[in-house]
């Protein structure tokens with residue numbers, strides 16, 4: 001069975017309602033932008049296959065509802081995620097402050113070795129900026145994760161963000177494959193495997 | 001006597017003879033005979049001699065007597081001769097005297113004669129001149145009249161000249177000349193009157209639009225002052241009062257603006273000249289030509305109201321004038337002629353207006369055109385023209401108007417929908433809350449005390465669309481104004497239009513949203529919900545129309561209610577189809593992530609991740625879309641289950657997958673279990689028990705058969721209703737069995753123990769049996 005891809009990565013977009021998660025995803029998957037705000041209900045996903053260092057990588061990106069009332073539904077998806085984008089709105093102080101809560105959510109629900117990334121969206125609205133780039137960078141350093149400012153509307157660095165996250169996951173996975181010496185040559189690491197890892201991996205987050 | 005005196009005897013005898021001879025002049029024979037016979041001739045001769053002597057003596061005596069008298073006479077004659085000479089002298093002298101005396105008299109007599117002749121000549125001339133004078137007077141009058149262009153009197157003068165005066169002076173050469181000139185004058189007058197007519201025609205051609213305009217204004221003023229329509233016309237009246245001030249001098253009736261005298265004059269003249277037919281013919285021909293010109297609409301008439309106005313004014317003016325000419329023109333045009341022309345015109349007007357208004361896409365313009373046509377009709381009717389086709393035209397125009405309105409509202413709906421986020425409407429305070437309830441009649445269960453922010457179940461599009469439908473109804477109504485339609489008709493029309501608007505235009509807009517590639521599930525869901533609310537609100541629209549038209553509401557009848565719920569049926573079906581389609585797309589994306597290892601030795605003990613994801617996604621979706629109408633959710637859920645089942649089945653049957661291990665089948669079984677679990681968990685309310693499970697039934701039977709290797713039962717119960725594996729066709733079983741056989745091949749070479757060999761044998765047997773069944 002010839003698969004059309006080498007790896008399947010599951011990514012998750014989280015963040016407050018209205019920070020532009022769906023728009024970021026829309027920009028990445030369709031290279032388009034929709035001005036009308038439609039808050040996501042429950043959960044949705046998009047799939048895009050990218051080429052990374054000669055490997056075909058299928059990204060299944062889950063777009064979660066930021067609204068509180070869907071929290072129970074969305075947290076169920078944390079577990080399967082291999083990478084999580086934490087998105088805030090640079091023109092919205094509150095959304096930035098809430099990143100802490102989202103991180104806590106991840107720690108509680110996601111697998112410990114999940115790759116994370118901080119996204120400051122709507123960077124085209126410089127005149128309305130409330131959160132400086134420095135504060136974003138500082139917070140990222142604090143959690144030991146990468147940070148990037150994007151604009152879904154102006155199509156700034158959205159691709160970069162996803163590619164960076166995908167590359168990090170890929171590197172980590174390949175490293176792990178080498179270390180564990182898989183028993184069956186043809187068998188690939190299925191996404192479910194990381195889920196089975198012991199929760200002691202949690203400590204790795206802080207190390208990174 | 002001498003004889004008688006001689007011998008009486010002898011005497012007697014001879015005397016007798018002598019007597020006889022003397023007495024008779026010529027018949028002397030017998031006498032002589034008698035003498036000879038008696039021999040007496042000698043005697044007789046002597047006697048005769050005697051007798052001759054006697055006679056000579058007598059003659060001699062007589063001559064003696066007369067000679068004396070002669071002499072005396074000559075003497076007397078001489079005497080007279082001298083006397084007459086004397087007298088002659090006297091006469092000559094007197095003559096001379098007279099001659100001198102009469103000479104003067106004779107001279108003056110000649111003079112007198114001359115004078116008398118001159119006098120009589122003069123009298124004759126005077127008499128003749130008296131006869132000629134009127135001719136000249138009349139002639140000069142004629143000249144003057146012609147130069148003053150008073151052709152009709154000129155014509156009369158001409159006639160007088162010809163018949164009264166000229167006959168008296170027929171002998172004169174000038175009279176002949178005049179006589180010859182008369183026809184020329186006539187021609188001249190005719191030509192002049194014709195040219196007058198031409199000028200007049202030109203003039204009225206210029207003027208007729210003005211007349212039309214004035215007439216229309218009068219009609220509208222009349223309508224405005226008509227108490228029966230005053231209510232509707234208030235606005236217009238005000239406008240016209242203003243215009244009255246400015247145009248007060250034009251308050252004449254339309255016809256009074258035009259001087260018709262050239263026509264009457266021309267007609268009189270034609271009458272006199274006995275060329276009425278000519279005149280009539282010319283007039284009619286010209287007017288027909290003009291009519292053709294007038295009826296030719298400007299090419300870009302549909303572009304502005306003004307050009308419509310000009311056209312209608314011109315036509316109206318033309319026919320008002322014709323009507324006037326008919327009434328006053330003494331048969332210059334006949335009723336039949338005018339009617340013919342009107343019929344022709346009517347059809348042309350109708351076509352012209354029809355074609356041009358068909359181009360028109362501006363509802364307001366159509367309304368104005370309608371008003372214009374209506375006024376046109378009324379005015380024409382006032383002048384006695386039949387306008388029936390125009391009414392029909394207005395009706396057609398109404399349809400067109402509705403059509404245009406719908407087009408317009410399609411745009412409105414599109415705008416609304418394009419700006420719509422399809423989220424339940426959220427209000428933050430009481431004011432907004434009231435606002436929504438005011439704009440949209442909703443009888444939903446409102447909580448006793450509303451806490452803010454409050455969410456209505458429908459999106460903001462619902463009140464907006466509701467309002468727009470109302471607007472549309474108003475717009476529709478505008479056309480029916482002054483149309484003199486019955487309430488029932490108006491009511492029917494509005495209801496029909498509104499239904500069309502909602503079922504066709506609005507549904508169309510909705511459908512086009514469904515077709516856009518980026519429409520999300522939740523959008524469609526909200527639209528379905530919204531259509532439900534809109535349908536419920538139909539009762540209020542119904543009432544709304546009834547209030548306007550005064551017709552009884554029809555919401556009570558069963559038919560309408562059914563119609564109501566069918567209103568968006570098509571759109572909703574479309575929506576449901578879209579939901580299923582969207583779901584299927586998502587499911588396909590999951591299914592593409594399928595990572596089956598078909599040669600798997602041992603199952604992993606839990607379901608494949610893509611299946612878990614699918615199930616989780618479906619659960620989340622149906623859980624999240626709590627506001628999705630149950631029947632829609634049911635359809636969607638069924639469709640999803642069917643899709644998954646079919647996809648899994650297709651995987652098994654995929655011809656590209658040649659070998660399948662038992663382990664892989666077991667893994668598939670695990671996945672199927674997961675699906676069945678979902679199907680049994682009542683993910684959507686209102687589904688019948690096991691309804692969803694049924695979709696997986698075929699796959700379940702197939703897997704059961706293979707995993708339990710229960711061939712005896714299969715063959716035993718084959719083709720029976722009660723068979724456990726009745727959905728497993730031999731063909732399918734063959735395909736799967738072949739794949740299993742291929743998958744087992746490797747093992748056959750490595751492990752050649754007895755049980756494996758038996759198993760292989762069994763497999764072959766089963767295959768053979770299946771093939772037999774399959775052939776049947």
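The values are calculated or read from the model by the stated rules, or taken from the named source; none is laboratory data. Note that the coordinates shown come from a computational prediction; the quantities given were computed from them, not determined experimentally. No Cβ is skipped: glycine too gets one built from the backbone with ideal geometry, and neighbour counts run over all protein chains shown.
Of note:
- Matching residues, the range B:364-373, being surrounded by fewer than 21 Cβ atoms within 10 Å (Cβ to Cβ) and either assigned by the TED database to the domain that holds residue B:513 or touching a residue at least 60 places away in the same chain (Cβ under 8 Å) (or both): B:365, B:367, B:368, B:371, B:372
- The conditions of being closer than 30 Å to residue B:619 by Cβ and within 14 Å of chain B (Cβ to nearest Cβ) are not met by residue A:121.
- A single entry from B:129, B:166 fulfils the requirement of being more than 30 Å from residue B:292 (Cβ to Cβ) and surrounded by fewer than 17 Cβ atoms within 10 Å (Cβ to Cβ): B:129.
- Residue within the range B:461-469 that is in a helix (DSSP H, G or I) and farther than 27 Å from residue B:542 by Cα present: no
- Flag for residue B:571 being buried (at least 20 other Cβ atoms within 10 Å of the Cβ), away from chain A (no Cβ under 14 Å), modelled with pLDDT under 80 and part of a helix (DSSP H, G or I): yes
- In the range A:69-82, the count of residues that are under 22 Å from residue A:149 (Cβ atoms) and buried (at least 16 other Cβ atoms within 10 Å of the Cβ) is zero.
- Lone unmet requirement of (1) crowded, with 23+ Cβ neighbours inside 10 Å; (2) modelled with pLDDT of 80 or more; (3) within 40 Å of the chain's Cα centre (by Cα) for residue B:475: (1)
- Pairing residues of the range B:406-433 that are within 30 Å of residue B:477 (Cβ to Cβ) and within 14 Å of chain A (Cβ to nearest Cβ) with residues that are outside any helix (DSSP H, G or I) and modelled with pLDDT of 80 or more, at Cβ distances under 8 Å and at least 6 apart in sequence or on separate chains, gives B:420/B:459; B:420/B:460; B:425/B:458; B:425/B:459; B:425/B:460.
- Qualifying residue in the range B:666-685 (condition: under 19 Å from residue B:579 (Cβ atoms), in contact (Cβ under 8 Å) with a residue 40 or more places away in the chain and surrounded by fewer than 17 Cβ atoms within 10 Å (Cβ to Cβ)): yes
- Sole residue being within 9 Å of another protein chain (Cβ to nearest Cβ) and either closer than 22 Å to residue B:656 by Cα or surrounded by fewer than 18 Cβ atoms within 10 Å (Cβ to Cβ) (or both), chosen from B:587, B:600, B:593: B:593
- Flag for residue A:20 being surrounded by 21 or more Cβ atoms within 10 Å (Cβ to Cβ), more than 11 Å from chain B (Cβ to nearest Cβ) and either at positive phi or modelled with pLDDT under 90 (or both): yes
- Filtering the range B:624-659 to residues that are in a helix (DSSP H, G or I), within 23 Å of residue B:689 (Cβ to Cβ) and without any contact (Cβ under 8 Å) to a residue 12 or more places away in the chain leaves only B:646.
- Residues in the range B:603-612 that are facing chain A (nearest Cβ under 8 Å) and touching a helix residue (DSSP H, G or I) at 6+ places or on another chain (Cβ under 6 Å): B:609 only.
- Failed criterion for residue B:679 (all others in (1) within 11 Å of chain A (Cβ to nearest Cβ); (2) assigned to a helix (DSSP H, G or I) hold): (1)
- Filter pass, residue B:378 being crowded, with 16+ Cβ neighbours inside 10 Å, in a helix (DSSP H, G or I) and away from chain A (no Cβ under 14 Å): yes
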